[in-house]
Amino acid sequence: MNKELGQLFITGISGKQLSAEEEQFIQKENIGGVILFSHNYESPAQLAELVNNIQSLRDNYPLFIATDHEGGRVQRFKDGFTKIPSMLDVTKKESPKLCFEISQLMSNELLSCGVNLNLGPVCDIFTNPKNSVIGDRAFGKNADDVSKYISAMIRGQQTSGIMSCAKHFPGHGDTLEDSHFKLPIVNKSLDQLREQEFIPFVKAVKARVDMVMMAHLKVDSIDQENICTFSPKAYELIREELKFKKVIITDDMEMKAISEDLSLGEAALKALKAGADLIEYRSFEACRSAYEYVKDAVNSGEFTPQEVSSRYERILELKKKYLSNYSPIYIPDVAGQVGTAENHNLVEQVSQA
């Protein structure tokens, strides 16, 4: 059962190469994936070597290798990679075709280094001009504009062979707080959410997005008791109303929006029991602590083998689709695939009058 349980976790790592502790944890517990940030990155070749080392620890199917590669302010790998404009700037050209091509560019560069899961597109609508946490990460300021580009972005990822993730459900666009530091509150009725915030997520599901990310938001019209991460009602909306049957991932479980009220393990177990399939941590220590707590809950019967297996099967189905033909990255090829003149020329179209 531990071999299945580990697949429900994505861990961060501390540096540009794996520590002995990180290697042991990932391999022994069959951890599902690793998320990479700027502190894990030096160059495309170093990134590819790190990913090869991570994947050498796999038990069966390869690990998810995830990052946030949205463009603009949120692009973890910069030196050597093509610098991608913000999505709000990309959509100023009013060309879903250009958005599709830039999505392919981003995806191909990531895949050439072994990254197989891009935590995007952002489906939030930039409806609140004071919302600095979303801002130009969004594709637009109304549901129709955002929806028009969401499917182009997802198709660009999937035709390149990289997994996509629609975030941050049920919609982070009309908030003031940043969930990294404080719990954001959404004061909208369920009907208002359906008429606005849900629309890009419906579009993403119809475009066959691979994952949906649940946000750390307090939305009383959904659940007066729980934030969305811990709300069975919020997961039910994704499953029943949006008809989404694939993997639901949490946002980073170390954000202050949730980490101040519960221990790491308590929060992990509560999210999984509410309906999450995949739990994300930006640091190794936090992931290991949460994993051990949930493992104890499985051993005590508080979290059943059936609950673990149902989540594991959704994760396994996604890995079978994308990662069945895995082979290590041939590092000498990377330089000719990342940050090329052709890619830079495509991006320059965004700034052309």
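Things to note:
- This structure gives volume of the Cα convex hull per residue in Å³, computed directly, and of (1) 185; (2) 130; (3) 118 that value is listed as (3).
- Mean-square fluctuations from a GNM of the chain, with a 10 angstrom spring cutoff on Cα atoms, peak among 145, 277, 210 at 145.
- Around the amide H of residue 9, modelled in the peptide plane, lie the amide H atoms of 32, 33, 279, all under 5 Å away and 5 or more residues distant in sequence or on another chain.
- Probe 1.4 Å, protein heavy atoms only - accessible area per residue of the chain in square angstrom: 41 Å²
- Phi angles of segment 69-75 translate, via the Karplus equation with coefficients 6.51, -1.76, 1.60 and θ = phi - 60°, into HN-Hα couplings of 10, 8, x, x, 5, 10, 8 Hz per residue; Gly and Pro are given as x.
- Scanning residues 5 or more positions from residue 213 or on other chains, those with amide H under 5 Å from its amide H are 166, 167, 169, 249, with H placed 1.01 Å from N in the peptide plane.
- Low-density loop cleavage sites - GluC sites (Glu not before Pro) in segment 44-136, where at most 11 other Cβ are within 10 Å (DSSP): 94
- Couplings for segment 189-195, taken from phi via the Karplus curve 6.51 cos²θ - 1.76 cosθ + 1.60 with θ = phi - 60°, read 6, 5, 5, 5, 5, 5, 7 Hz in order; Gly and Pro are left as x.
- What you get for the chain, charging only the Cβ of Lys and Arg (+1) and of Asp and Glu (-1), is a dipole of about 840 debye around the Cα centre.
- Listed residue (293, 269, 318) projecting farthest to the positive dipole end of segment 199-320, Cβ model: 318
- Close amide H pairs (under 5 Å, H built 1.01 Å from N) link residue 163 with 117, 118, residues at least 5 positions away or on another chain.
- Size of electric dipole in segment 1-50: Cβ of Lys, Arg +1 and of Asp, Glu -1, about Cα centre, debye, nearest 20: 80 debye
- Loop-located chymotrypsin sites (Phe, Trp or Tyr not before Pro) in segment 1-56 (DSSP state not H, G, I, E or B) with no more than 14 neighbouring Cβ atoms inside 10 Å: 37.
- Magnitude of the charge dipole for segment 257-311, about its Cα centre and with charges confined to Cβ atoms of Lys, Arg (+1) and Asp, Glu (-1), is about 160 debye.
- Cα lying deepest toward the dipole's positive end in segment 36-186, options 46, 103, 114, charges on Cβ: 103
- As a length-normalised measure over Cα pairs under 8 Å and 6 or more apart, the relative contact order of the chain settles at 20 percent.
- 222 nm mean residue ellipticity, helices alone, for the chain (DSSP H n ≥ 4; -39,500 (n - 2.57); rounded to 500): -12000 deg cm²/dmol
- The phi-based Karplus calculation (6.51 cos²θ - 1.76 cosθ + 1.60; θ = phi - 60°) puts the 3J(HN,Hα) values of segment 334-351 at 5, 4, x, 10, 10, x, 6, 4, 4, 5, 4, 5, 5, 5, 4, 4, 5, 8 Hz, whole numbers, x for Gly and Pro.
- Shown here for segment 1-80: trypsin sites (Lys or Arg not before Pro) in loop regions (DSSP other than H, G, I, E, B) with at most 13 other Cβ atoms within 10 Å, namely 73, 78.
- Positive-pole candidate from 204, 224, 249, dipole of segment 168-311, charges at beta carbon: 204
- Protein accessible area in the chain, 1.4 Å probe - carbon and sulfur %: 46 percent
The values are calculated or read from the model by the stated rules, or taken from the named source; none is laboratory data. Please read all numbers here as calculations on a predicted model, not as lab measurements. When we count neighbours, we look across all protein chains shown, and the Cβ atoms used for this are built from the backbone with ideal geometry, even at glycine. Note: accessible area is taken over every heavy atom of the protein model, side chains too, but ligands, DNA and RNA are not part of it. Shrake-Rupley method; radii C 1.70, N 1.55, O 1.52, S 1.80 Å.
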